[in-house]
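For reference, the structure discussed in these notes is given below.
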Amino acid sequence: MLQNLFEPITLGSVELKNRIVSTGHETFLDRGGLIDDELVAYHEARARGGAGLIITEVASVHVTARPEDKYLLAHTDDCIPGYARLAEAVHAHGAKLFAQLFHPGRFTGPFDVWAPSEVQFEWAGLTARPMPLPLIKDIIQGYGEAAGRMKEAGLDGVEIVASHGYLPMQFLNPRLNQRADEYGGSYENRMRFLIEVAEAIRENIGDDMALNIRISVDEMDHEGLDQDEALEAIQYLTERDLFDCYNTVLGSISSSSGWAHVVPPMRFDAGYTAPYSAAVKAVTDKPVLVSGRINQPQIADAIIGDGQADLCAMTRSMITDPEMPNKAKAGLLDDIRACIGCNQACIGRVDQHMSVSCIQRPESGRELAFLPVPKAEEPKSIMVVGGGPAGMKAAISAAQRGHHVTLYERESQLGGQVKLAQLLPHRAEFGGLITNFARELEIEGVEVKTNTAVTEAMVRESNADMIYLATGGSETVKPGIEGLEEGLANGTIVPSWEVIQGKAKLGGSVVIADWLSGWPGLGVAEKLALEGHSVRYVTPHTTLGRRFQTANRDLVVGSLFKLGVQTITDARIFGFDEGTAYFQHTANGEPLVLEDVDTLVMCNGVRRNDTLVHQLSDWQDRIHVIGDCMDPLDAEFAILGALMTVAATL
Ligand code: SF4
């Protein structure tokens, strides 16, 4: 089983015990740019779980690389103790540790921004200053010195981040590099920066450490490098024998189209990047690492077995389940908590400058707060009411502490609102959350009683020491809208959940009034457009999918545009009458009237199912409320809240 994945491999002079890599990803677990306890604990968990190689996140090689103080720093000796502690922790579990060395060039905002040339940058809305020659030389020296610090800290390798349109590729890209000196113009000149960086690094690390380059095989951007240009560069670099491994990705952070591939969400098939790494293998004899939605060891093993890559990045797989490599090696494939590609709590939170975590495993990124799981001295009898995400997580967490747990679900299947979410276009994989949690319930020995609606009497008569109420929420329709009752009665107004479930009868012309601009509303818009309805989508918010992770939002917005959905922001519904929907602008109340509407779909979020909460209010010492019946938010916060509540109460 999985022989390809667990075959050792050598990068330069560094041997890895397997082909599973946690690639560089921002975590926001640092302290002022330095590696501290939280970041050590985070990576050590992945090393303990069996990763062969861990690559730390981007670290600035020069003071001009981090005016926002956003990244780890590698441009002063202050970084050495933290990297050394991390190397020791990772090495203790047989994994190797590389560090990413980074200068973002024109992405360094919002001020003091330098790039090869003064080219307008649409995505950031700014124009960088062209780097003077002494600054270029200084940055090249910075790469070399930063690499030397990694050697001093005891790391096994370093990686130049030349992917995603960052500084080395800004020099190579003729659309972005319009210099007339030795770093611009001819191909050799545009390659000079990268080659001098590689030479400076090698000078500082010698041959004992490996030198990787991360490179986008296609930046998928209107002015980025395409596949032919990237392959030409890899061939050119291979001929000069500069690198020990090519870490291949797709995308760029220069535009929405490129961003979608930087951390590809579930809209993309697992392993969809493998043909690109296969193209790289055709032009280099060096090991090739491939990234991009490789969420199961079987997929990784097949990619390597088919000769499409030599190593696989399984970064989100190990955010979701740090023990994935050990489980895979032991043949416990059904026990692996597979990443569902939702992007919500990992890159989604990092986008917001919050710590990395996982929707399915909130302990990730919070290792010091929640791990190891403490064992109860005296096991208690625990009753969990409601089998949605919060209830399932509470039951699992309580059972992990050694308690006897029974989970009650009134419906025939676990999952709560996840069962709806998985029905939306390109969201089927969200249902993997139910599969994963159901397996964890089984592993932890939780007794699950489905088709069981819990009453007040059942709770009062139970012998439970502690009761967690996770009774969820139901869809609400906004009260006070003129014509609502009549529209609901005659079927011209329908709630979005009925549309998702395929229960609603809809006319050809549909208007969606989405209170939140969230998945139900945008998902229904896409679903109905795909089914051939004429769709107009209206939200009171200024941004579509305002809480979505960037790639998810951009992909949905792009799809709605392609499908011809008319989207209107900053307008709230206030009435519906005989085929006319009435909205008002949120800024000044000015009316917006949409005519010829066959069906108005109301998407107004969730109200609490909190009957039991009120009925049992005299039992506050034994009752804890979690999930949507506490705060109707989303699966991520329901699961995190459940973990926090159990940790605080058991
Ligand atoms: Fe995967 Fe979603 Fe977890 Fe991110 S939050 S690691 S995409 S399951």
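The values are calculated or read from the model by the stated rules, or taken from the named source; none is laboratory data. Being a predicted model, the structure only gives us computed values, none of them experimental. With ideal geometry, Cβ positions are generated from the backbone for all residues, glycine too; neighbour counts draw on all protein chains shown. Accessible surface areas use protein heavy atoms only, side chains included; no ligands, DNA or RNA. Shrake-Rupley method; radii C 1.70, N 1.55, O 1.52, S 1.80 Å.
Here are the numbers:
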| item | result |
| --- | --- |
| Criterion violated by Gln584 - all others in (1) in a strand (DSSP E or B); (2) in contact with a helix residue (DSSP H, G or I) (Cβ under 8 Å, 6 or more places away or on another chain) satisfied | (2) |
| Wholly enclosed helices (runs of 4 or more DSSP H) of the stretch 405-474 bearing at least 1 residues under 21 Å from Gly502 (Cβ atoms) | 418-421, 432-443 |
| Some residue of the stretch 329-345 being more than 16 Å from the ligand (Cβ to nearest atom), open to solvent by 20 Å² or more (accessible area, probe 1.4 Å), in contact with a helix residue (DSSP H, G or I) (Cβ under 6 Å, 6 or more places away or on another chain) and not in a helix (DSSP H, G or I) | no |
| Residues within the stretch 357-368 that are open to solvent by 20 Å² or more (accessible area, probe 1.4 Å) and either within 12 Å of the ligand (Cβ to nearest atom) or free of Cβ contacts under 8 Å to residues at least 60 places away in the same chain (or both), tallied | 2 |
| From Asp634, Asp621, residue being charged (D, E, K, R) and under 16 Å from Gly391 (Cβ atoms) | Asp634 |
| Hits in the stretch 305-324 (condition: open to solvent by 10 Å² or more (accessible area, probe 1.4 Å) and of a type outside the set (Val, Ile, Thr)) | Gly305, Asp306, Gly307, Gln308, Asp310, Arg316, Glu323 |
| The lone exception for Ser254 - which of (1) assigned to a loop (DSSP other than H, G, I, E, B); (2) closer than 23 Å to Lys562 by Cβ; (3) out of contact with any Phe, Trp or Tyr (no Cβ under 7 Å at 6 or more places or on another chain) it fails | (3) |
| Complete set of residues in the stretch 594-619 that are polar (S, T, N, Q), touching a Ser or Thr at 6+ places or on another chain (Cβ under 8 Å) and modelled with pLDDT of 95 or more | Thr599, Asn609, Thr611 |
| Leading residue by the ranking (nearest to the ligand (Cβ to nearest atom)) among those in the stretch 370-392 that are in contact (Cβ under 8 Å) with a residue 12 or more places away in the chain, of a type outside the set (Phe, Trp, Tyr) and open to solvent by 20 Å² or more (accessible area, probe 1.4 Å) | Leu371 |
| From the options Glu447, Glu429, Glu411, Glu456, residue that is of a type in the set (D, E, K, R), on the phi < 0 side of the Ramachandran plot and touching a strand residue (DSSP E or B) at 6+ places or on another chain (Cβ under 7 Å) | Glu447 |
| Long-range neighbours under 6 Å by Cβ, at least six apart or interchain, first residue free of Cβ contacts under 8 Å to residues at least 60 places away in the same chain and closer than 11 Å to Ser317 by Cβ within the stretch 339-352, second open to solvent by 10 Å² or more (accessible area, probe 1.4 Å) and part of a loop (DSSP other than H, G, I, E, B) | Cys339/Asn295 |
| In the stretch 16-43, the residues that are of a type outside the set (A, V, I, L, M, F, W, C) and touching a residue at least 60 places away in the same chain (Cβ under 8 Å) | Lys17, Asn18, Arg19, Ser22, Thr23, Gly24, His25, Glu26, Thr27, Asp37, Glu38, Tyr42 |
| Residues being of a type outside the set (Ser, Thr, Tyr), open to solvent by 30 Å² or more (accessible area, probe 1.4 Å) and more than 23 Å from the chain's Cα centre (by Cα) - total across the stretch 8-31 | 4 |
| Members of the stretch 593-614 found to be over 30 Å from Gly627 (Cα atoms), part of a strand (DSSP E or B) and open to solvent by 50 Å² or more (accessible area, probe 1.4 Å), listed by number | Val593 |
| Verdict on Val90 being within 24 Å of Ser364 (Cα to Cα) and surrounded by 23 or more Cβ atoms within 10 Å (Cβ to Cβ) | yes |
| Number of the condition not met by Ile303 [criteria: (1) touching a helix residue (DSSP H, G or I) at 6+ places or on another chain (Cβ under 7 Å); (2) within 16 Å of the ligand (Cβ to nearest atom); (3) among the β-branched types (Val, Ile, Thr)] | (2) |
